[in-house]
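Asks: One structure follows; several queries about it will come next.
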């Protein structure tokens with residue numbers, strides 16, 4: 001794999017990386033500040049005005065955590081993306097970003113569920129939800145990890161003439177979940193990446209006619 005940055009210059013990558021880092025820090029600081037302000041309002045300011053919303057504090061915290069949590073996870077994934085762009089091209093960096101984004105969102109949801117339950121029950125609920133989420137996205141994550149491996153290892157490249165799982169054609173795209181192959185008749189085949197890993201991959205000469 002070429003480690004040069006082709007689509008974006010290194011100076012631009014450095015600028016975007018710095019902006020992503022700054023955005024991540026701003027989101028974290030803003031989240032802490034907003035949570036502290038909400039806590040102050042609920043426990044001190046509003047009661048002086050005879051407004052009591054303490055029973056709803058947990059729901060307010062959940063909403064704020066969901067909103068800021070997604071922003072923080074997304075910003076962190078962007079930092080990962082631009083860090084990878086120093087060495088890898090856009091499809092590879094995007095694949096790595098998406099994997100971190102999926103894992104971060106799953107951890108965020110499980111953590112919130114655990115916090116709502118509180119104590120041992122919260123840990124149990126968070127753990128159970130984490131298992132449920134894990135099983136739910138197992139196939140998607142499996143395909144994502146397989147796609148990441150294909151992008152990093154590069155057993156084949158775009159425009160290579162290949163035979164994958166009996167599908168003979170030209171590689172048009174290697175995405176996070178599927179590899180797109182264009183056959184001789186012009187039809188497109190989307191092959192799940194986790195099906196490609198562990199099976200034979202035939203790299204055919206480019207001047208060889210495709211099998212019908």
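Where a number appears in this text, it was derived from the coordinates with a stated rule and is not lab data. The model shown is predicted, which means the values in this text are computed figures rather than measured ones. We place every Cβ from the backbone using ideal geometry, glycine too, and count neighbours over all the protein chains shown.
Asks: Order these by the 10 Å Cβ neighbour count, fewest first: 29, 99, 73.
Replies: 29, 99, 73
Asks: From the mean inverse distance of alpha carbon pairs (Kirkwood) and the Cα radius of gyration, derive Rg over Rh for the range 161-204.
Replies: Answer for the range 161-204: 0.92.
Asks: Could you please rank 145, 162, placing first whichever residue has the fewest other Cβ atoms within 10 Å of its Cβ?
Replies: Ascending Cβ contact count within 10 Å gives the list 145, 162.
Asks: Enter the Cα centre distance for the pair the range 8-48 and the range 149-180, rounded to the nearest angstrom.
Replies: Each part's Cα centre sits 40 Å from the other's.
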